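Heads up: the structure comes next, in structure tokens.
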Amino acid sequence: MSYLGHVLVHLRKDLQLEWRSRDSVNGMLFFALLVVVVFSLAFDPTAAMSRQIAGGILWLALLFASTTALNQAWTREQRNRVLEAQRMAPAPPSALFLGKALSNLLFVAIVEVVLAPLFAVFYNLHAVGQGWLMAAVLPLGTWALVCNGTFFAALGLRTRNRELLLPLVLFPISIPALLGMMQATTAILTGAFEPGPWIRLLIGYNIAFTAACLLLFDTVLNAE
Amino acid sequence: MPDGAPIDRTAQDTAEPAAAQLESASKLFGDFAALRKVSLRFEAGSSTVILGDNGAGKSTLLRLIAGLIVPSRGTVLTFGEEPRSQRWRIAYMSHEPMLYDELSGLENLRYFASLQNTDSGEKGCSCTATSEKALRAVGLDPALGRPVGHYSQGMRQRASLARVLQADPELLLLDEPFSNLDVESSRRMVELLRDFRTWPLQGTSTQHSRTIILTTHQAHLAEPLANATVTMRAGAVLSITGEGVHPSA
């Protein structure tokens, strides 16, 4: 079986597990909705102000929500010591990582699809800039969150306080990506400045961190 | 020096590497020594039962051979190589099922069979088609759609055995395989393992049969399977009896 075949096998398995338990998507969805509603009550913004702050609120809601799901992603592998069976298998370990990161990407994407219209209603939003560019910013930003999140969740597997460790490590390392996603989104919503440089920052960030995660995952998986 | 059977040095001099070999292997967890300078050579084709009380180091020994942990001191080799490079020849069954609770037995087995298939030629087995056979061999119905999380402990244990058997391993490591089984089920498992040792090895030039290393508290159950017994206490080898296992040089 090819490398891509192994990635798809892992992805299919994770989708099957989520379909049967619905732990990750349900938890993320309710958490993200709560954050959006609470912020809308706290600020009561005008339409112009909404466009200024919406980028930040959207991505923070997704960051907080995805953190809850990312912790669970590896807990399933630890139950019944399944992870040891994974470690014993001859299939490439990075395929396991990539399959899991892709499944997390899909789960967060589902949340985004539900969240986006509600977000537009709550904050009375419409894009003044190039709205179609959100089709690039959303997947790029989401991948930046889930790729690093999946990796650092695996890094914390053997620690006692892994739920705490993940945000402590993930949030600081995601700052350049968060800045890129928030600024690009704000640029698209307000039309006040060009989103291009921020999108390029996201692309560069994703290439660098995806490569690092793929190269280092074998070490993380087999660390004692 | 452990007592027991005389050491067969001629076997060590042959070109065929041992299925597993430990040289002064120690494993420390913090200050606790789970394994102390263990030197053992498990010949290919041997079937060994490792006995010992809780904390004797049996599971640590198996996990070292499986490559799941590395020795703090000394060396561990499987088929003359570092264990992780030989994963395609080794299967490990823990006393936990190592299966996903949400998937059925067949779904679990098919998933793990896919992970055995690699692009690297002889490294890996073409065992995807054998998942149903493996389930039948352990007495489980492949058509059973119930998730493994709803299985009884005994059924989970048997599904776990099916998972390792379908990998077609040359070296099978079993950690307390009878722990959740009644006497009759244990007896059937021993029969199946005896049969497994006679299965022809695919894609290998070696002439020997398969190697089994098994840990248990219930020596009488494993007796028909074993041609060697290693007794451990407090992380050290106390005695070796039978054929196929020797103190390493």
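The values are calculated or read from the model by the stated rules, or taken from the named source; none is laboratory data. Remember, it's a predicted structure, so these values are computed and weren't measured experimentally. Every residue, glycine as well, gets a Cβ built from its backbone with ideal geometry; the counts of neighbours run over all protein chains shown.
All conditions but one from (1) closer than 19 Å to A:MET49 by Cα; (2) crowded, with 22+ Cβ neighbours inside 10 Å; (3) free of Cβ contacts under 8 Å to residues at least 60 places away in the same chain apply to A:GLY180; the one that does not is (1). A:LEU70 meets all of the listed conditions (1) more than 9 Å from chain B (Cβ to nearest Cβ); (2) surrounded by fewer than 23 Cβ atoms within 10 Å (Cβ to Cβ) but one, namely (2). Restricted to the stretch B:131-249, the set of helices (runs of 4 or more DSSP H) holding at least 3 residues that are at pLDDT 90 or above comprises B:153-166. Comparison of A:SER24, A:SER2 shows that the only residue that is over 28 Å from B:LEU64 (Cβ atoms), out of contact with any helix residue (DSSP H, G or I) (no Cβ under 8 Å at 6 or more places or on another chain) and within 14 Å of another protein chain (Cβ to nearest Cβ) is A:SER2. May I ask you to list the residues in the stretch B:59-93 that are buried (at least 23 other Cβ atoms within 10 Å of the Cβ) and at positive phi? Answer for the stretch B:59-93, where residues must be buried (at least 23 other Cβ atoms within 10 Å of the Cβ) and at positive phi: there is none.
Looking only at residues of the stretch B:15-56 that are surrounded by 24 or more Cβ atoms within 10 Å (Cβ to Cβ) and small (Gly, Ala, Ser), we find that the one that is farthest from B:THR229 (Cα to Cα) is B:ALA25. Across the stretch B:52-89, the qualifying residues are those that are touching a strand residue (DSSP E or B) at 6+ places or on another chain (Cβ under 9 Å) and acidic (Asp, Glu), and the one among them that is farthest from B:GLN166 (Cα to Cα) is B:ASP53.
Scanning the stretch B:72-103 for residues that are part of a strand (DSSP E or B) and at the interface with another protein chain (Cβ under 10 Å from one of its Cβ atoms) turns up B:ILE90, B:ALA91, B:TYR92, B:MET93.
A quick yes/no check of all residues on (1) away from chain B (no Cβ under 14 Å); (2) in a loop (DSSP other than H, G, I, E, B); (3) of a type in the set (D, E, K, R); (4) closer than 30 Å to A:MET88 by Cβ:
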{"position": "A:ASN124", "(1), (2), (3), (4)": "yes, yes, no, no"}
{"position": "A:GLY129", "(1), (2), (3), (4)": "yes, yes, no, no"}
{"position": "A:ARG158", "(1), (2), (3), (4)": "no, yes, yes, yes"}
{"position": "A:LEU165", "(1), (2), (3), (4)": "yes, no, no, yes"}
{"position": "A:LEU168", "(1), (2), (3), (4)": "yes, no, no, no"}
{"position": "A:GLU194", "(1), (2), (3), (4)": "yes, yes, yes, no"}
{"position": "A:ALA211", "(1), (2), (3), (4)": "yes, no, no, yes"}
{"position": "A:LEU215", "(1), (2), (3), (4)": "yes, no, no, yes"}
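One residue is enough: does the stretch A:36-49 have a residue meeting the conditions touching a Leu at 6+ places or on another chain (Cβ under 6 Å) and touching a residue at least 40 places away in the same chain (Cβ under 8 Å)? There is no residue in the stretch A:36-49 that is touching a Leu at 6+ places or on another chain (Cβ under 6 Å) and touching a residue at least 40 places away in the same chain (Cβ under 8 Å). Return a yes/no flag: does the stretch A:100-119 have any residue that is within 14 Å of another protein chain (Cβ to nearest Cβ) and modelled with pLDDT of 90 or more. Yes, there is a match, as at least one residue in the stretch A:100-119 is within 14 Å of another protein chain (Cβ to nearest Cβ) and modelled with pLDDT of 90 or more. With respect to the conditions (1) at pLDDT 90 or above; (2) surrounded by 24 or more Cβ atoms within 10 Å (Cβ to Cβ), A:ARG51 falls short on a single one, namely (1). Among the residues of the stretch B:33-46, are any aromatic (Phe, Trp, Tyr), in contact with a strand residue (DSSP E or B) (Cβ under 7 Å, 6 or more places away or on another chain) and more than 8 Å from every other protein chain (Cβ to nearest Cβ)? Yes, the stretch B:33-46 has at least one match. Being over 29 Å from B:LEU103 (Cα atoms) and either more than 14 Å from chain A (Cβ to nearest Cβ) or of a type in the set (A, V, I, L, M) (or both) holds for only one residue in B:SER239, B:SER152, and it is B:SER239.
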